Amino acid sequence: MRHLLRTPAGIAGTLLVALMVILAIAGPLIWGAEAERIDSAAILQGASAAHPLGTDNLGRDILARVLVGGRLSLGLALIATLIGAVAGVLLGALPSVLPRRAARLVTGTVNALVAFPGLLLAMFTAVIAGLGARGAVLGIGAALAPGFARLTQTLAASVAGADYVSVARMLGVSRWRVLTRHVLPNIAEPLILNLTQALGGALIALAGMSFLGLGVQPPSFDWGRLLFDGFGRIYATPAVALGPAAAIALAGIGFNLLGDVLARAASRRATPPGEAAGRPVPEVGELGEPDQDAVLEVRDLTVAFPGGVTPVRGLSLTVAPGEIVGLVGESGSGKSLTASAIGGLVPYPGEVSARRLRLCGADLDELPEQERRKLLGTSLAMVFQDPMASLNPALRIGGQLAEVATVHQGASRTEAFARAVDRLEHVRIPEPAARARQHPHELSGGMRQRAVIAMGLMGEPRLIIADEPTTALDVTVQREILRLLREVTDETGAATLFISHDIAVIGELCHRVVVMYAGRVVEELPVEGLASDAAHPYTRALVASLPDMETDRSRPLASIPGRQPSPAEVPDGCAFADRCELASAKCAELPPLIPYRAGHRVACWEAK
Amino acid sequence: MAESLRPSAAGPSAEGGRAARRTLAGRVRNGFVLRRVVRFVVSLAVLLVASFAMMHLIPGDPVRASLGPAAPVELVAARRAALGLDEPILSQLLSYVRNVLSGDFGTSFLSGEPVREIIASRLPNTLGLALIATVVALLVAVPLGMWAAIRTENGRNRGTEVTFTSATGAAVAVPEFLYSIALVTVFAIGLRWFPPAGKAGPVSYILPILSLSISPTAMIARISRVETLRELGSDYVRLARAKRLPAARLYFRHVLPNTLTATLTVGGLLLTALIAGSVLVEYVFAWPGLGLRIVESITQKDYPVAQGVILVYGAIVLVVNLLVDLLLGVLDPTSKLKET
Amino acid sequence: MIIKNLTVRFGSFTAVDDVTLEIPDGAIVGLVGESGSGKSTLARAVSGLVPYTGAVEGVDPGRVQMVFQDPLTSLDPRMTVGASVAEGLRLPRAARQAEVERLLTLVSLPVSLAGRYPRELSGGQRQRVAIARALGARPALLIADEITSALDVSVQGAVLNLIRSLREEIGLSMLFISHNLAVVRYVSDVVAVMHRGRLVEAGPAEEVVKAPADAYTRSLLDAVPRLARS
């Protein structure tokens, strides 16, 4: 209930609907007599003190009639909605119990009917059922049914295709039980939400029918009928149409806003947005002079989100030209956000801060905007996990590559396109000129990832950030992409920051490994030492838990008990202490990342 | 419009046309076009049967209901015979289909006018209104939705988001006939800027089109915003941002084409909804279209006219849906369309 | 049990092409292949979720159970762990509670988790719940389809150990499907390799890994990333 009243729209919707409900219950009780009182002395009057909205052709007070007419409007709308919902849900559920052919017929009919405007269906039904409230209610019910049927079908199909329904079927759970235990509970919520908005729609449609003279007939009256009466006199006394029109509009708005807010609340339940900013991470150590040779130098990088969520906490990293550095960690360790932060791509409301962030010898914070864009656009290449999602499905490959050259290097379209073809050839895409004219979906997964790498080579990349670039690919394709990345690094002299959860891939490709845990670097070492010289207990456990082609099959695999703390609950001390065999009282204090051997640093009090 | 918004990549602009033809040829080959046309024909047949059945589903005798209890028995019998209502139902259906296909929709009970002429003289007025309103709604709503999405991405500018969703939520909920009444009251009766009713020159189009397009504009703007937000969160936009493309290029060249599929689908539905919505607007503005006529025919039980007009409305819906399907099939290179 | 000449067609596309594979009693058969190789379709066919031609002999179709890749989608979000695990039990109501507890203990989960919902559990715990639920139906064959692919390495080890201990303790026959050759090799007695819908090689695990007979198996083995251990 609280989320309803958090936004102005929610408050307005709730208030309006409450008002309508009260009016429907109390209106006729209070103003019923007044609305029916005939006064031959006050026929067809305009607005006055006695009759704020005027009177009708029998001298009855229009304001009173509007207040009374709400019950019929809302009541008929409710009946029409229920007819539509019941018929629609039955129609929508039918295909799941019918034989295949009959099911397809029902689905086809529903799909065809959904396309028809409701008013058309309502008029059709009203012609058959005859003029009057009954015909209009039936008609609008019939017009609502296809929408409900379609929604039920879509929802039921998505639930029926879910793995847990497959499992239930394999466990021999009966169809009826699958329907009542799995399908219905999981589709009830969106259906109920839809009811609110359908109710508003039905009310409007009924008002429309009555307004056209096709709905409620005298002596009964609803808002639509009152508007019909008032509309005839609109040129003489516009006020008489005002009351019913406002009532219809307010009711429509109320139900629609309420439905909106309910739907939003249902879809957002999982994410509690907080206001407090992340805790500041204490800065440690001397900043020192910038490393002029490094391609990338990051000192104390922190990424914080509102609500005390700090996924990256004081990370420092230096990458030299020609070097391939592997950044390894499990999901939630902050490795991907580190990549985004370096590329300046952390989404709002994330806040990035660093004591130093230098790319190609230039301090990104001090560079003028124009130069910074050019530097990042041409010197930094990024490759993401899913090559299909990384390419724009609507644009041809060649065009997507070429724009880097036209935007940042002032190349003409022809030159840029020629360079794009050249780059595609460079990453060994066969028939590059033909491929450049194709859309991404016409390429295989491995080919697409090559195209993304080629895109990074359009400028003069000094740093390639590859974020899980082979995770979505098959092993044989993975090997080709890894080989390509290595070649590209060798040829261009660029550095690569390779991010992966797979320590074996890192071990095969990289020169140096940086291990992240809960937003911090816990160890940094040359790749040769990864298997046997790792000093941090987390790195050692990670290596031990990875089965490879030589693992002793007679012994159980190592695994780490517990789980990595989420970015909102990282402790002040060593984040791994809870899961660590070596943990001692000292671990309540944060261990600094300190040199351990040559080119090897570790953040652990117990590392010897 | 959509065609001109499709970028033609880096190649010469003739490439765009050639690729579209290639895709269309592909679609023809894999039976996509054929399936859609077959579905259209089947729906049309069902529609014909439904409109035929309408006359027979009316309880009692439609002729008696129309002429009233006072009409002489001979007149009713003569009318029944003229309509062929005494023949076997199947032969009635066959002759109905034959007549409709040859353009004969019967004659009005009341005025004796051929229904075909009523439709021919009034349909253009209805279609004109609906088409212009659809175009206006799309032209205003798509940029509006994109702008809102860009401003409110990832939950920034909460104020804009709240204002946008509340305003469009309220605008969607108010039906076109209330907009009509409000606009007439203020601009025609009060300020006397526009004629209150009838079709007389370009000025008389303004109020009906405004009333028809306000809530669809709000609805499409919401869809456009949601679609744009989804595209903005995708990896290719992240990559385009990593490439530091200028904002205009990012939004118009990368994002817009990908939101058009959904917008067009809705645009098609919208046109059909507007044709129906125009019934009420025509009524308010006494607009000489089909809508005004269908209301009269239903209230006066002039069944042949009601039957003919509903059939025409239904056929328009089917034609528009077919065209939208085919257009999407050609435009969408990733064939996201469900092949059902 | 034995899968004989099993073929699955989707329209004109043959997803599984004439596969014959024996699963000895109490053995774990590992099935490896790349995306599109047909390994998951074979699993679904054997579990009766997809129509097929050919035969699956030596096992009652109702006694095949399957565990899916993503435990979050294979557990109903609105059912507690206890209710999910109890779903496949054919027991009087009174005996269910005890059986659910036994099953949770069997997969090394604390009994107290029975009242929790899937979203409150970690990935590894959820996958154990899915396994416990499958075991509740006392399957003659358990099919595990990429059950560790969605898990972090540090958790994967525990699930693999559980799979091996289940074979030792209750003699469960299993078809273990994965794209990860190292994982398949570690848990399986027999390794079978699929490529484009066909079974290209099958044999004792060490034999297939040490001396692959098929060219495709060799290229697959070559592509496995290795951590140089000294």
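Restriction of the trypsin sites (Lys or Arg not before Pro) in the range C:30-95 to DSSP coil positions whose beta-carbon has at most 16 other beta-carbons within 10 angstrom yields C:R78, C:R90. Angle of helix A:475-492 to the longest C-alpha principal axis of chain A, folded into 0 to 90 degrees and rounded to 10: 60°.
Averaged over the residues of B:77-85, the number of partner chain Cβ atoms lying within 10 Å of the residue Cβ comes to 0. For C:K4, the lysines whose Cα falls under 21 Å of its own Cα, not counting residues fewer than eight places away in the same chain, are C:K39. About its Cα centre, the range B:135-231 has a charge dipole of approximately 140 debye under the convention of +1 per Lys or Arg Cβ and -1 per Asp or Glu Cβ, with nothing else charged. Before anything else, pin down the relative contact order of the range C:2-197: Cα pairs under 8 Å, at least 6 apart, normalised by residue count, whole percent. Reported relative contact order: 35 percent. For A:K608, a cut-off of 19 angstrom between C-alpha atoms picks up these aspartates and glutamates, skipping any fewer than 8 places away in its own chain: A:E523, A:E524, A:E528, A:D533, A:E581, A:E589. List the trypsin sites (Lys or Arg not before Pro) within the range A:428-467 that fall in a DSSP loop (any state other than H, G, I, E or B) and whose Cβ has at most 16 other Cβ atoms within 10 Å. Those satisfying the criteria are A:R428. Distance from the Cα centroid of the range A:186-213 to that of the range B:56-99 is 36 Å (rounded to whole angstrom). Relative protection proxy for B:246-258, A:469-481, B:41-53, from highest mean packing down: A:469-481, B:246-258, B:41-53 (other beta-carbon atoms within 10 angstrom). Straight-distance candidates among the lysines for linking to B:K243, with alpha-carbon spacing under 20 Å and chain neighbours fewer than 8 residues away dropped: A:K374. The protection proxy used here, the mean number of other Cβ atoms lying within 10 Å of each residue, ranks peptides A:595-602, A:453-460, A:202-209, C:157-164 as follows, highest first: A:202-209, A:453-460, C:157-164, A:595-602. Think of the protein assembly as shown as a dipole: +1 on every Lys or Arg Cβ, -1 on every Asp or Glu Cβ, centred on the Cα centre; then among A:L214, B:I209, B:V324, A:L214 lies furthest on the positive end.
Shielding of peptide A:158-168 by partners, expressed as the average count of other chain Cβ atoms within 10 Å per residue Cβ, is 6.
Helix A:133-160 and the longest principal axis of the C-alpha atoms of chain A enclose an angle of approximately 20°. When each of the peptides A:358-371, C:118-131, A:162-175, C:206-219 is scored by the mean number of other C-beta atoms lying within 10 Å of its residues, the order from highest to lowest reads C:118-131, A:162-175, C:206-219, A:358-371. Here the protein assembly as shown is described by how far its Cα atoms reach on the three principal axes: 109, 73, 63 Å, from widest to narrowest. Helix C:153-170 axis versus longest C-alpha principal axis of chain C: approximately 80°, rounded to the nearest ten. Where does the charge balance sit around A:A251 when Lys and Arg score +1, Asp and Glu -1, over other residues with C-beta under 14 Å from its C-beta? After counting each charged neighbour, the total is 0.
Using C-alpha pairs below 8 Å separated by at least 6 residues, the relative contact order for chain A is 11 percent. Once the other residues with Cβ under 14 Å from the Cβ of B:G68 are scored (Lys, Arg +1; Asp, Glu -1), what is the net sum? With Lys, Arg at +1 and Asp, Glu at -1, the neighbours total +1.
Could you tell me the center-to-center distance, by alpha carbons, between the range C:1-51 and the range A:532-608 in angstrom? Cα centroid of the range C:1-51 versus Cα centroid of the range A:532-608: 40 Å apart. So what's the gap between the Cα centers of the range B:223-246 and the range B:280-319, to the nearest angstrom? One Cα centre to the other: 44 Å.
Taking the helices alone, chain A has a mean residue ellipticity at 222 nm of -15500 deg cm²/dmol, built from -39,500 (n - 2.57) per DSSP H run of at least 4 residues and averaged over all its residues. Per residue of A:380-391, other chain Cβ atoms within 10 Å of the residue Cβ number 4 on average.
A short reminder: the numbers here are calculations on the coordinates, not readings from a lab. Because the structure is predicted, anything quoted here is derived from the model rather than measured. Glycine gets a Cβ as well: all are built from the backbone with ideal geometry, and neighbour counts include every protein chain shown.
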